[in-house]
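Notes follow once the structure below has been shown.
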Amino acid sequence: MAKQLIDILIESGKLTQDGLKKAELHAKQNEVSLNDALIALDIVKEDEITQAISKQLSVPYASKQNGILNPEKDQNLSKYIPEKFARENIILPLFVENNTLAVALSDPSNVFLLDNLRMMSGLEIQPFIASKSQLFQALDAFYSKKDLLAEVISETKVDVDSGSNENLEDLSAPGAKIDLDKDTGGTGSHYVKMVNAIIRQALNERVSDIHLEIFDERVSLRFRIDGSLYERTSPAKEDVGAIISRIKILSKLDIAEKRLPQDGSFAAKFQNRTVEFRVSVCPTVFGEKLVIRILDKGSSELNLDKLGFEPKQKRDFLEAAALPHGLIFLTGPTGSGKTTTLNAVLTSIKSSEFNFMTLEDPVEYKLSGISQVQVKPQIGLTFAAGLRSFLRQDPDVILVGEVRDSETAEACLKAALTGHLVFSTLHTNEAIGAVPRLIDMGIEPFLLASSLALVAAQRLVRVLCPYCKTPYVPGPSVIEQVVKESALPSKDKATWTFFRAVGCPKCSGTGYLGRKAIYEVFKINESMRNTIYQTKDLIELKKAASSTGAWNLRASGWRKAVTGITTVEEVLAVTLANE
């Protein structure tokens, strides 16, 4: 990065000398550019660096926000820059005026690229600078079709017999790495293109899970978006076997084994970032069912301020995380975002002065400066065995992905009692339910009472689409219920704003766009310690927890509803009144 650009960032207040030193150290340790280091550490936003370069080079800035990164629809711009060339070079045509083609690109100093564009289009080139992340999104919106899989299915099919060696080679031709930024589906076999189309469409639609299953009479392809499953264009029944074989090859699974469940993973490059996929194949009476979990770090926020914590909850969680030792448990069902929250907490408290180690199954987020270990039960590396080994590595903070059995629970307790801060998760319906669950696993109540620092629970609620949500006034019974269950002052009713989910093209007609977490967070005080020591009765534990003044999941949900973040219906669907 040129010194002049650093000066621009410092003068504009976007960068401090302390932040610069941290970024320079990160860039040196990880062998990345200073630009990338500033973005990775969240010291300076990518768009802020792009705007600074715009000032430095006197090149106009284009973004969604200023409306310039929006190609003219009636000028047939794709004839000037073909899709393949645009994606390979990360450039986007904007408009043509006075024999000049305006293009957005991330590096306007690339004179060779500008010369190529001039020759290709036969027009003069006016460059605009835009961030890579916004360019990738704009490229997909400009060049991609609404239903990529339907487009591939409609193409002329080749006859493929998935049992022949020739066709297996065809399915595996591109190897186990997919670059969706460059591969637009023009190469490879028909089934390779089908798999790429499914993955690309899922990523464009912010999908968390892909479900492909075969029934007696039909095939079902469903995408889980913001927690709900939606049907999509399904491949033909005779194509399912080859599609699953392709996914197995990518995931390094046995394509000949169709009688037993198999688990694997693979990665793909999309919008200049690496997206990881966790694959599960399970035999059913009609054939194999495929589920792909998408672990997209680019779409997840490891930022406590953006997860959904209320200010008091965040403060309580960070105070517990600042303790020198103790147990911190986060509870909730599978897919409720527990891993994201715990990784965000670790990221916020991470320091070079302490030794951080995690034991996970699988490692979903790769965190800089933290030693992470993948559990491998097939070779004896279980949570309990790994944790015993951790204690010989002089750790200060330990994250155990999940407590599933008494052996792991006891290992976590011993680590907390010997001067370590231990984070972990449990599958219980509510935060305080972690206490009887651990006691049932064999943990002595007096040891648990002395070591437990905090218990929390979380759920995910869908966030209203900002483009189509509509305000309304709910009935008196709803207002009364909110007042009763939210612990919010009734005198504030006039400031509450409720919205309905409507649906528009931006949110694919669902009325929701993304999800946020709601939490209940209970710091363990002396009163709760005494109660834990005396009983594991859930009702008594709840009474002790409520005396701390913390609110439950339902109350946290109402706080999201009265501020227009989510809907009344969503809060009622996700939480229970007695939680």
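The values are calculated or read from the model by the stated rules, or taken from the named source; none is laboratory data. Every value quoted in this text rests on a predicted model; they were computed, and no experiment measured them. No Cβ is skipped: glycine too gets one built from the backbone with ideal geometry, and neighbour counts run over all protein chains shown. Just so you know, the surface numbers come from the protein's heavy atoms only, side chains and all, with ligands and any DNA or RNA stripped out. Shrake-Rupley method; radii C 1.70, N 1.55, O 1.52, S 1.80 Å.
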**Complete:** (1) under 21 Å from the mean Cα position of the chain (by Cα); (2) open to solvent by 50 Å² or more (accessible area, probe 1.4 Å); (3) not polar (S, T, N, Q) all hold for ARG404 apart from (1)
**Request:** Return the residue satisfying two criteria in turn: it lies in segment 32-79 and is of a type in the set (Asp, Glu) and over 25 Å from the mean Cα position of the chain (by Cα), and of such residues it is surrounded by the fewest Cβ atoms within 10 Å (Cβ to Cβ).
**Result:** ASP74
**Message:** Quick check on segment 302-349: of everything there that is basic (Lys, Arg) and within 14 Å of the chain's Cα centre (by Cα), which residue is modelled with the lowest pLDDT?
**Reply:** LYS306
**Request:** Could you tell me whether segment 294-303 includes any residue that is open to solvent by less than 40 Å² (accessible area, probe 1.4 Å), hydrophobic (A, V, I, L, M, F, W, C) and part of a helix (DSSP H, G or I)?
**Result:** no
**Residue selected from segment 444-491 under the condition open to solvent by 20 Å² or more (accessible area, probe 1.4 Å) and among the polar types (S, T, N, Q), by the criterion farthest from LYS542 (Cα to Cα)** = THR470
**Item:** Residue within segment 357-371 that is open to solvent by 40 Å² or more (accessible area, probe 1.4 Å), at pLDDT 90 or above and out of contact with any strand residue (DSSP E or B) (no Cβ under 6 Å at 6 or more places or on another chain) present
**Value:** no
**Fill in**
Result of the Cβ filter at 6 Å on segment 414-443, keeping first residues that are under 21 Å from ASP361 (Cα atoms) and open to solvent by less than 20 Å² (accessible area, probe 1.4 Å) and partners that are among the charged types (D, E, K, R) and modelled with pLDDT of 90 or more, at least 6 apart or interchain, is THR425/LYS338; THR425/GLU402; LEU426/ARG437; THR428/ARG437
**Prompt:** Residues in segment 48-63: is at least one in contact with a Gly (Cβ under 6 Å, 6 or more places away or on another chain), farther than 30 Å from ASN99 by Cα and either in a loop (DSSP other than H, G, I, E, B) or of a type outside the set (A, V, I, L, M) (or both)?
**Reply:** no
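This table checks each residue for (1) open to solvent by less than 10 Å² (accessible area, probe 1.4 Å); (2) closer than 30 Å to LYS132 by Cα; (3) modelled with pLDDT of 90 or more.
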residue: GLU238; (1), (2), (3): no, no, no
residue: ARG259; (1), (2), (3): no, no, yes
residue: GLN271; (1), (2), (3): no, yes, no
residue: GLU276; (1), (2), (3): no, yes, no
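Rundown of residues vs (1) β-branched (Val, Ile, Thr); (2) in a helix (DSSP H, G or I); (3) out of contact with any Asp or Glu (no Cβ under 7 Å at 6 or more places or on another chain), yes/no style:
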residue: ASP305; (1), (2), (3): no, yes, yes
residue: LYS312; (1), (2), (3): no, yes, yes
residue: ASP316; (1), (2), (3): no, yes, yes
residue: ALA320; (1), (2), (3): no, yes, yes
residue: LEU327; (1), (2), (3): no, no, yes
residue: THR334; (1), (2), (3): yes, no, yes
residue: THR341; (1), (2), (3): yes, yes, yes
residue: LEU346; (1), (2), (3): no, yes, yes
